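The values are calculated or read from the model by the stated rules, or taken from the named source; none is laboratory data. In this text the structure is predicted, and so the values were computed from the model without any measurement. Cβ coordinates were reconstructed from backbone atoms using ideal geometry, including for glycine residues, and neighbour counts include every protein chain displayed.
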2 protein chains.
Amino acid sequence: MSQASRIARRTFLAGSAVAAAASGLPRTVDAQTGAALPARPTELGAPLRPYGTPSPFERDVVRVAADGPPTAISSWDFTPLQHLEGIVTPSGLVFERNHGGVPQIDPARHRLLVHGLVDNPRVFTLDDLRRLPSVSVMRFLECSGNSLSEWKKPTGATVQITHGLVSCCEWTGVRVSAVLAELGLKPGAKWVLAEGADAALMDRSVPLEKMMDDALLVWSQNGEALRPEQGYPLRLLLPGFEGNMNVKWLRRLKVASEPFYTREETAKYTDLLGNGEARMFTFAMEAKSVITRPSGGMHLGRRGSYEISGLAWSGRGKIVRVEVSSDAGASWNAASLQEPVLTKCLTRFRYPWTWNGGEAVLQSRCVDETGYVQPTLADLVRVRGLNSFYHLNAIQSWHVASGGEVTNIHA
Amino acid sequence: MSQASRIARRTFLAGSAVAAAASGLPRTVDAQTGAALPARPTELGAPLRPYGTPSPFERDVVRVAADGPPTAISSWDFTPLQHLEGIVTPSGLVFERNHGGVPQIDPARHRLLVHGLVDNPRVFTLDDLRRLPSVSVMRFLECSGNSLSEWKKPTGATVQITHGLVSCCEWTGVRVSAVLAELGLKPGAKWVLAEGADAALMDRSVPLEKMMDDALLVWSQNGEALRPEQGYPLRLLLPGFEGNMNVKWLRRLKVASEPFYTREETAKYTDLLGNGEARMFTFAMEAKSVITRPSGGMHLGRRGSYEISGLAWSGRGKIVRVEVSSDAGASWNAASLQEPVLTKCLTRFRYPWTWNGGEAVLQSRCVDETGYVQPTLADLVRVRGLNSFYHLNAIQSWHVASGGEVTNIHA
């Protein structure tokens, strides 16, 4: 140790004092600043754990169901976007939606049947799939019902409830195109039924074109095996397509010449328009963004500099621009986009903002690489009417009161 | 439902039969293939959970200590790289290394003192830091002791033990340069002491140049708060520098004109060379790669196509090339690199391989953007000798026996 640094360290230690505080740890006083700091622990800390979990101080950072404490048949819960950073959603907090509860599947006994209009129908084990060339991608997943509470009036108190049915992970698996190429497609093949091994046998029809483009059979999420709620041990990943088509606990692919018109694409997951007609097979999730901080339920403290931070995504490709407004859309400024910006992936945007202590309305608006601009709610309602639930991708508004309280409004 | 698809579905159902199996679920027989498949569950599955955890079938995918079951004072455990995919290490499996156990810190009471050669020394709360402009990066962290068991003979039975002191996460925080710029640096400032709030007050000297380049104060790991073992609620991130310099539970930065010559940079974390001199302040982790599958402890099944998959990284920038050999380095072939390839980040490589059923020795070798080529162990020992523990980044060899057993060898 150099003489200079020895003295520097001694000065720090000599200037410290330990006092018994009324609560919590004793504190140390720094000589240079006079600041009181928490003292070092005097006991050895906690030992190793085979599998890490969050700090007990993070106990409120959890998924929540839409209507209070979940029951045995609750079937959706929301990611706490207001507490998250970056673009990776930690696997424990990825939103959940199921149609028959979460099955417990032994991967050694799981099978995937691929049949229908193929030359060589085949049953795959997971080991069979893992011998094929694999690929990893960062992609978002969004339930088409995300934001469904927001059509008629601002309802969700937090961004967790208004937008928490979207998450983003690194997924690893094999291309569906590689599997189908190995089996050989028969003439007339145009659609593929995907069926889950849950109690509901959740199934959807997927255009063969999507299957041959970027569809994957995935077994891994953020490096480790899929979580049970996300389809362990195998799910279909259809990047950019509405969540429930990414069939979990995948047990069957059936190739056919026509769609299967299953319950979840006829009675459900269609959009009744104002004129009485229904949109069906609305697969791609259109470009959408939301400010996650500040957002509903937060309280700003003293006036001054804040960072506005949020997420943008598009089921049709990359996000190319996000703009932020603090005056309900009267003026817009470009936010910075965190690199890398990836296709069909959450993109984190940030904008430095100075709060003057007065009222403000915060909004974000994104543009994707197809040129599609995220619409206002009024523009969306003009086209879609107010009969439908799904595919609300409108601009979200957060009102900042002069007292600093942030609330959900329609602006 | 179309007539064709109705018939198709009826055929599937009519051809099915449920039989009571000796163990496990009853099975369904597919008419087209005659294949027996697990039947659907007949009961509602598990309900929602506020925070997801891995399937019970993944109970063996955990961190393990080097020498059997950890005790209260065990201080390092390893990431199970052989079970992981992609480049994100799930937070629960990020390797651990501590010097005084894991402290439990209330983030509301935590403080960071920044003092020494600054114009305006200051104590920061976490809320103070969160008002500054933030940034998210995917970066690896590697203990400089990673692979220390492998200098003299092949010791680790699995890649978890030979290479499991490396992990990779998306980290979010603020630039140290922004904090120091706000406080103002005094003339002569060249080094910064970083000190943790653990029982050991773990501290290291960091060149100011690194602090002003890409150093971050991070509070988030893979989207959520840091895990306790990774420094909750605040750690220093020095991309590419040896793990223990990325001080966890960070409570103090002291700016000075000289290094502090702390215990962990004099008595420990130095490299005694063959000539009796010691290398000190060996900060950057040099380029390194390893095949994670197949790897030690695995058994190949039938001959034929396999995917060789592994990880490469460099503390000096991006990986530009990875080559794979199956004949102990006699010949090399380029592996494919999974995009995006990021700086100072794990890079996943893959190579399709056909196993002919005979003996093979699998190796990988990487090159980073500085042109540095990962050395053989013989080359590394020639320079460093066999007195030191740290910074072993040599090529790893896995022997495949004709029976399919994979073991760790020096080749």
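Per-structure values
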read-out	value
Meets criteria (over 18 Å from the mean Cα position of the chain (by Cα), touching a residue at least 12 places away in the same chain (Cβ under 8 Å) and within 30 Å of B:Leu342 (Cβ to Cβ)) for A:Pro375	no
Residue in the stretch B:205-223 that is touching a residue at least 24 places away in the same chain (Cβ under 8 Å), acidic (Asp, Glu) and touching a Phe, Trp or Tyr at 6+ places or on another chain (Cβ under 8 Å) present	no
Output for the stretch A:261-279, where each listed residue is touching a Lys or Arg at 6+ places or on another chain (Cβ under 7 Å) and over 18 Å from A:Leu386 (Cβ atoms)	A:Thr262, A:Glu264, A:Glu265
Scope the stretch B:280-311; condition away from chain A (no Cβ under 14 Å) and touching a Lys or Arg at 6+ places or on another chain (Cβ under 9 Å); matching residues	B:Phe283, B:Ala284, B:Met285, B:Glu286, B:Ala287, B:Ser289
Hits in the stretch B:266-285 (condition: crowded, with 22+ Cβ neighbours inside 10 Å and either in contact with a helix residue (DSSP H, G or I) (Cβ under 7 Å, 6 or more places away or on another chain) or acidic (Asp, Glu) (or both))	B:Tyr269
Checklist (1) away from chain A (no Cβ under 11 Å); (2) within 18 Å of the chain's Cα centre (by Cα); (3) closer than 28 Å to B:Thr158 by Cβ; (4) assigned to a loop (DSSP other than H, G, I, E, B) applied to B:Val247, failing item	(3)
Matching option when the condition is under 14 Å from B:Arg227 (Cβ atoms) and either in contact with a Cys (Cβ under 8 Å, 6 or more places away or on another chain) or surrounded by fewer than 17 Cβ atoms within 10 Å (Cβ to Cβ) (or both), among A:Pro56, A:Pro69	A:Pro56
Filter result for B:Thr347 (of a type in the set (Val, Ile, Thr), at pLDDT 95 or above and touching a Leu at 6+ places or on another chain (Cβ under 9 Å))	yes
Counted residues, the stretch A:69-104 - those being within 23 Å of B:Trp171 (Cα to Cα), hydrophobic (A, V, I, L, M, F, W, C) and facing chain B (nearest Cβ under 8 Å)	5
Hey, A:Leu238 out of contact with any Ser or Thr (no Cβ under 6 Å at 6 or more places or on another chain), under 30 Å from B:Cys169 (Cα atoms) and in contact (Cβ under 8 Å) with a residue 24 or more places away in the chain or not	yes
Filtered residue count, the stretch A:186-195, keeping only those that are touching a residue at least 60 places away in the same chain (Cβ under 8 Å), buried (at least 19 other Cβ atoms within 10 Å of the Cβ) and more than 9 Å from chain B (Cβ to nearest Cβ)	1
From the options A:Val320, A:Val324, residue that is touching a residue at least 12 places away in the same chain (Cβ under 8 Å), part of a strand (DSSP E or B), more than 30 Å from A:Asp214 (Cα to Cα) and not polar (S, T, N, Q)	A:Val324
Members of the stretch B:276-308 that are touching a residue at least 60 places away in the same chain (Cβ under 8 Å), of a type outside the set (A, V, I, L, M) and not in a loop (DSSP other than H, G, I, E, B)	B:Arg279, B:Lys288, B:Ser289, B:Thr292, B:Arg293, B:His299
Wholly enclosed helices (runs of 4 or more DSSP H) of the stretch A:133-235 bearing at least 3 residues of a type outside the set (S, T, N, Q), modelled with pLDDT of 95 or more and over 30 Å from A:Leu386 (Cα atoms)	A:176-183, A:208-213
Evaluation of A:Leu238 against (1) touching a helix residue (DSSP H, G or I) at 6+ places or on another chain (Cβ under 7 Å); (2) over 30 Å from A:Arg365 (Cβ atoms); (3) buried (at least 24 other Cβ atoms within 10 Å of the Cβ) (one fails), failing number	(2)
Number of positions in the stretch B:347-372 that are under 15 Å from B:Gln396 (Cβ atoms), touching a residue at least 60 places away in the same chain (Cβ under 8 Å) and of a type outside the set (Phe, Trp, Tyr)	5
Candidate set: the stretch A:101-120, residues that are in contact with a Lys or Arg (Cβ under 9 Å, 6 or more places away or on another chain) and not aliphatic (A, V, I, L, M); chosen: the one surrounded by the fewest Cβ atoms within 10 Å (Cβ to Cβ)	A:Asp119
Single condition B:Gly304 does not satisfy, out of (1) surrounded by fewer than 22 Cβ atoms within 10 Å (Cβ to Cβ); (2) in contact with a strand residue (DSSP E or B) (Cβ under 6 Å, 6 or more places away or on another chain)	(2)
Residue count, the stretch A:231-289 (criterion: small (Gly, Ala, Ser) and within 21 Å of A:Val166 (Cβ to Cβ))	6
Count of residues meeting criterion [of a type outside the set (A, V, I, L, M), part of a strand (DSSP E or B) and more than 26 Å from A:Gly371 (Cβ to Cβ)] in the stretch A:257-275	0
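Matching residues to (1) among the charged types (D, E, K, R); (2) within 9 Å of another protein chain (Cβ to nearest Cβ):
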site	(1), (2)
B:Ala108	no, yes
B:Leu113	no, yes
B:Pro121	no, yes
B:Arg130	yes, yes
B:Ser136	no, yes
B:Leu141	no, no
B:Asn146	no, no
B:Lys152	yes, no
